[in-house]
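J.: Could you have a look at this structure, given as structure tokens, before my questions?
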Amino acid sequence: MNDGVILSCADLNALIESLRAEGRRTIGPVARDGVIVYDDLESIDDLPAGMSDEAAPGHYRLARRDDDALFGYAVGPHSWKRFLHAPVQRLWRSEGERAAARVLAEPLSQEKTAFIAVRGCELAAIAVQDRVLGEGETVDRHYRARRDNAFLVAVDCGTANGGCFCVSMGTGPEASGAYDIALTEILEGEHRFLARAGSEAGQALLRNLPQRAATAEDIRAAREVVARTAQHMGRAMPVGNVRELLARNPDHPRWDDVAARCLSCANCTMVCPTCFCTSVDEASALDGSGTARVRRWDSCFTMDFSYVHGGGVRSSVSARYRQWMTHKLSSWFDQFGTSGCVGCGRCIVWCPVGIDITEEVRAIQASERETEARHGNA
Amino acid sequence: MAMSETASMGGVEDRTIPCVGRVSARRIESSDVVTLDVETPEGPVRYAPGQFNMLTAFGVGESAISISGDPASGRLTHTVRAVGPVSRALCNLRPGDAIGVRGPFGVGWPIGTAATRDLLFVAGGLGLAPLRPAIYAALAERSRYGKIAILYGARSPDSIIFRRELEGWRGRFDLHVEATVDHALDDWRGHVGVVTNLISQVEFDAEQATAFACGPEIMMRFVAQALVAREMRESDIHLSMERNMKCGYGQCGHCQFGPFFVCRDGPVFAYEAIRPLLALREI
């Protein structure tokens, strides 16, 4: 599990083949509709070779690279959340007399999966969702089953896009955490992958692949990839205690400022790899023979989200933005002992008006410092 | 027999699955409030006063409803106001009808730790429902407590719930019961005004009293302030919060109230813990 081995592109294909031979559904990055999404992969030919993602606040475009990198992008709009915490999940159905005699629990997913190219920030996001849904007093059975059935192939980031700020969140660009196999794509010289196992399952799989031992030169080149990506990261969460900063600023005028820009469209919550909120709907058969309860992703940006008799608790956009950002960066610690942000930058990139969570933190922090300075001078 | 396959699938209890109960009795409390007794296949139920269940009207939906009965009875009792499609469907259930039950959820009133103290129950409207199990529990062991006062505010005389019971309690020498209404016609001889006004009419030892309040948020805020003005400690005042809830155990995100999940960390909170949040708008 230490220094790792070197796989060629063909060997990488053999990795995908082995996972498929185990009966796993292999899911990974695919360029489609002008973005990189996570979808079924049959071989390395389905990977977005030579593609990169050019991102900025409210902006995302695929671009051609001048090489054949298979993982030469950072992150697209999809996260692995959609395969672990399903966007739509039936929980139970009822049947019998007046559609209410028996309640039958929805069977658990038996599907064995392999996620190809899980980024460092995404491993961190999975760890966050494990805490929220997969561990503790109440375990979500559906999440747990999907999580237990997933084999994680992580890939270190060889490039950062304009949204990324994982270095400042301590989650990347190197893959660390609960992966089964981690890869570093090396483009310098021969196109190859440094592979290391992170679990016994990963080790067993890796052992049976065609490979060669990694040399000191391979390891140096792999370290170089990660170091270069870290250096080129243009964005950062401001240093300082953001948790405390937001906890003591619920009345800050910046919330109204951001609300004037925010469309409360919920994009940020849909693309966020850790946002976990859900709602439930009742689905009835037209012939009255049965009903079902269906859970679906929800967002704290909708008016309905906080509805109680008499109206929504958070009717202003200002209150809803404050809820989202304060939860993500501050009260998440109170609830789950960790930040809810992993620095993937999706909320910045997929915000139609380009609201940047790091900039909003910086603005609140800066105004506090100004106030302090003024009081200091007075 | 109505059955549910809640069971321990894969060794993990699935709290999303309701058990199928049956309505055994239905009582009309007021024009839009109904009390339902519910029998569940598991038999007698155990819950703490102040806890709630998620009740399903099959084919319509689910709603968080406090338990309003006597905890010693082993029976589930819920009092529901018809305000939306789900609560209306629940109110329309008749004896024998199926009803989905998940729970009980949440943290209840700390009635057990209030022994020897004076108790003050302050309710607004339907807020009397989640307080009633605590009142029953206190009356079941009346001698363990000091003075007990029940202050109740309703919109109008005909919206008073548990009326006969309140009148019965009012006739006891070991209870102080006061009721007030927001507005009334000529035939009302009682108090008119907000429930906070009644606080000045009760005697209690502020040092040795515990207060339990439930009602609209704004009412609870003023009640807490009035009690603090009577020199009660913030840690001795307990409020039951209401928020949108979908799951009941802190995973759907809807009931967040600052760092708290009202369903899991509440619904009953010490005023001391939530006072800063109550002062914030739209939190």
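The values are calculated or read from the model by the stated rules, or taken from the named source; none is laboratory data. Everything quoted here is computed from the prediction, not taken from an experiment. Don't worry about glycine lacking a Cβ; one is built from the backbone with ideal geometry, like all the others, and counts go over all protein chains shown. These area figures cover heavy atoms from the full protein model, side chains too; ligands, DNA and RNA do not enter into them. Shrake-Rupley method; radii C 1.70, N 1.55, O 1.52, S 1.80 Å.
J.: Could you please find all residues in the range A:59-97 being in contact with a Phe, Trp or Tyr (Cβ under 7 Å, 6 or more places away or on another chain), farther than 25 Å from A:Leu183 by Cα and open to solvent by 30 Å² or more (accessible area, probe 1.4 Å)?
T.: A:Pro87
J.: Out of A:Ala236, A:Ala230, report the one residue that is at pLDDT 95 or above, in a helix (DSSP H, G or I) and surrounded by 11 or more Cβ atoms within 10 Å (Cβ to Cβ).
T.: Step by step, each of A:Ala236, A:Ala230 is checked, and only A:Ala230 is at pLDDT 95 or above, in a helix (DSSP H, G or I) and surrounded by 11 or more Cβ atoms within 10 Å (Cβ to Cβ).
J.: Can you name the residue in the range B:33-52 that is within 14 Å of another protein chain (Cβ to nearest Cβ) and in contact (Cβ under 8 Å) with a residue 60 or more places away in the chain and is also nearest to B:Phe105 (Cα to Cα) among such residues?
T.: Looking at residues that are within 14 Å of another protein chain (Cβ to nearest Cβ) and in contact (Cβ under 8 Å) with a residue 60 or more places away in the chain, I get B:Phe52.
J.: Quick check on my filter: what residues within the range B:53-71 are within 14 Å of chain A (Cβ to nearest Cβ) and under 12 Å from the mean Cα position of the chain (by Cα)?
T.: The answer is B:Ala64, B:Ile65, B:Ser66.
J.: On to the next question. Name the residues in the range B:164-191 that are modelled with pLDDT of 95 or more, hydrophobic (A, V, I, L, M, F, W, C) and loosely packed, with under 12 Cβ neighbours inside 10 Å, would you?
T.: B:Phe173 - this is the single residue of the range B:164-191 that is modelled with pLDDT of 95 or more, hydrophobic (A, V, I, L, M, F, W, C) and loosely packed, with under 12 Cβ neighbours inside 10 Å.
J.: Residue by residue through the range B:200-222, note down the ones that are crowded, with 23+ Cβ neighbours inside 10 Å and under 16 Å from the mean Cα position of the chain (by Cα).
T.: B:Ala211, B:Phe212, B:Ala213, B:Cys214, B:Gly215, B:Met220
J.: Now a separate question. Look at A:Val225 and say whether it is farther than 30 Å from A:Leu7 by Cβ and among the aliphatic types (A, V, I, L, M).
T.: So A:Val225 fails the test.
J.: Tell me, which strands (runs of 3 or more DSSP E) wholly within the range A:1-45 include 3 or more residues that are under 23 Å from the mean Cα position of the chain (by Cα) and surrounded by 15 or more Cβ atoms within 10 Å (Cβ to Cβ)?
T.: Correct list: A:25-32, A:35-40.
J.: Next question. Within the range A:323-336, can one find any residue that is open to solvent by 50 Å² or more (accessible area, probe 1.4 Å), within 25 Å of the chain's Cα centre (by Cα) and within 8 Å of another protein chain (Cβ to nearest Cβ)?
T.: yes
J.: Just to be sure, is A:Gly310 at pLDDT below 95 and on the phi > 0 side of the Ramachandran plot?
T.: Here the answer is yes, as A:Gly310 does meet what is asked.
Matching residues to (1) open to solvent by 10 Å² or more (accessible area, probe 1.4 Å); (2) within 21 Å of the chain's Cα centre (by Cα):
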| site | (1), (2) |
| --- | --- |
| A:Ala114 | no, yes |
| A:Gly134 | no, yes |
| A:Arg147 | yes, yes |
| A:Ser168 | yes, yes |
| A:Ala178 | yes, yes |
| A:Arg192 | yes, no |
| A:Gln203 | yes, no |
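J.: Need at least 2 residues that are of a type in the set (D, E, K, R) per element, so show me which strands (runs of 3 or more DSSP E) inside the range B:17-115 make the cut, counting only ones lying wholly within it.
T.: Working: elements: B:19-30, B:33-39, B:52-57, B:61-66, B:76-81, B:98-105.
The strands (runs of 3 or more DSSP E) meeting that bar are B:19-30, B:33-39.
J.: Same structure again: Looking at (1) touching a residue at least 40 places away in the same chain (Cβ under 8 Å); (2) closer than 30 Å to B:Ile199 by Cβ; (3) surrounded by 18 or more Cβ atoms within 10 Å (Cβ to Cβ), which one does B:Lys147 not meet, given that it meets all the others?
T.: (3)
J.: Tell me, which residue of the range B:77-90 that is out of contact with any Asp or Glu (no Cβ under 6 Å at 6 or more places or on another chain) and of a type in the set (Val, Ile, Thr) is nearest to the other protein chains (Cβ to nearest Cβ)? I'd like the intermediate steps shown before the answer.
T.: Of the residues in the range B:77-90, the ones out of contact with any Asp or Glu (no Cβ under 6 Å at 6 or more places or on another chain) are B:78-80, B:83-90.
Okay, now just the ones that are also of a type in the set (Val, Ile, Thr), so B:79-80, B:83, B:86.
On the way: B:Thr79: 14, B:Val80: 11, B:Val83: 5, B:Val86: 9 Å.
If we take residues in the range B:77-90 being out of contact with any Asp or Glu (no Cβ under 6 Å at 6 or more places or on another chain) and of a type in the set (Val, Ile, Thr), then B:Val83 is nearest to the other protein chains (Cβ to nearest Cβ).
J.: For the structure I just gave you, tell me whether A:Pro107 is in a loop (DSSP other than H, G, I, E, B) and free of Cβ contacts under 8 Å to residues at least 24 places away in the same chain.
T.: Against the criterion (in a loop (DSSP other than H, G, I, E, B) and free of Cβ contacts under 8 Å to residues at least 24 places away in the same chain), A:Pro107 qualifies.
J.: Moving on. Among the numbered criteria (1) more than 9 Å from chain B (Cβ to nearest Cβ); (2) surrounded by fewer than 16 Cβ atoms within 10 Å (Cβ to Cβ), which one does A:Asp281 miss?
T.: Looking at each condition in turn, A:Asp281 falls short on (1).
J.: Run down A:Leu245, A:Leu263, A:Leu286 and say which single residue is surrounded by fewer than 19 Cβ atoms within 10 Å (Cβ to Cβ), under 23 Å from the mean Cα position of the chain (by Cα) and either farther than 30 Å from B:Gly59 by Cβ or at pLDDT below 95 (or both).
T.: Of the residues listed, the single one that is surrounded by fewer than 19 Cβ atoms within 10 Å (Cβ to Cβ), under 23 Å from the mean Cα position of the chain (by Cα) and either farther than 30 Å from B:Gly59 by Cβ or at pLDDT below 95 (or both) is A:Leu263.
J.: Among the listed residues B:Gly74, B:Gly106, B:Gly112, identify the single one that is more than 10 Å from chain A (Cβ to nearest Cβ) and in contact with a strand residue (DSSP E or B) (Cβ under 6 Å, 6 or more places away or on another chain).
T.: B:Gly106
J.: Any idea which of (1) over 25 Å from A:Pro57 (Cβ atoms); (2) more than 14 Å from chain B (Cβ to nearest Cβ); (3) assigned to a loop (DSSP other than H, G, I, E, B) is the one A:Ile355 doesn't satisfy?
T.: For A:Ile355, the exception is condition (1).
J.: Any residue in the range A:49-58 that is open to solvent by 40 Å² or more (accessible area, probe 1.4 Å), hydrophobic (A, V, I, L, M, F, W, C), closer than 24 Å to A:Arg147 by Cα and not in a strand (DSSP E or B)?
T.: no
J.: With respect to B:Ala279, is the statement that it is within 16 Å of the chain's Cα centre (by Cα), surrounded by fewer than 23 Cβ atoms within 10 Å (Cβ to Cβ) and not assigned by TED's automatic domain parsing to the domain that holds B:Ala134 true? Spell out how you get there, then give the answer.
T.: Working: within 16 Å of the chain's Cα centre (by Cα): no; surrounded by fewer than 23 Cβ atoms within 10 Å (Cβ to Cβ): yes; not assigned by TED's automatic domain parsing to the domain that holds B:Ala134: yes.
No: the conditions fail for B:Ala279.
J.: If you don't mind, another one. Could you grab the pairs with beta carbons closer than 6 Å, sequence gap of 6+ or different chains, first residue in the range A:178-199 and modelled with pLDDT under 95, second one open to solvent by less than 20 Å² (accessible area, probe 1.4 Å)?
T.: That search, which allows pairs on different chains as well, returns A:Glu188/A:Ala221.
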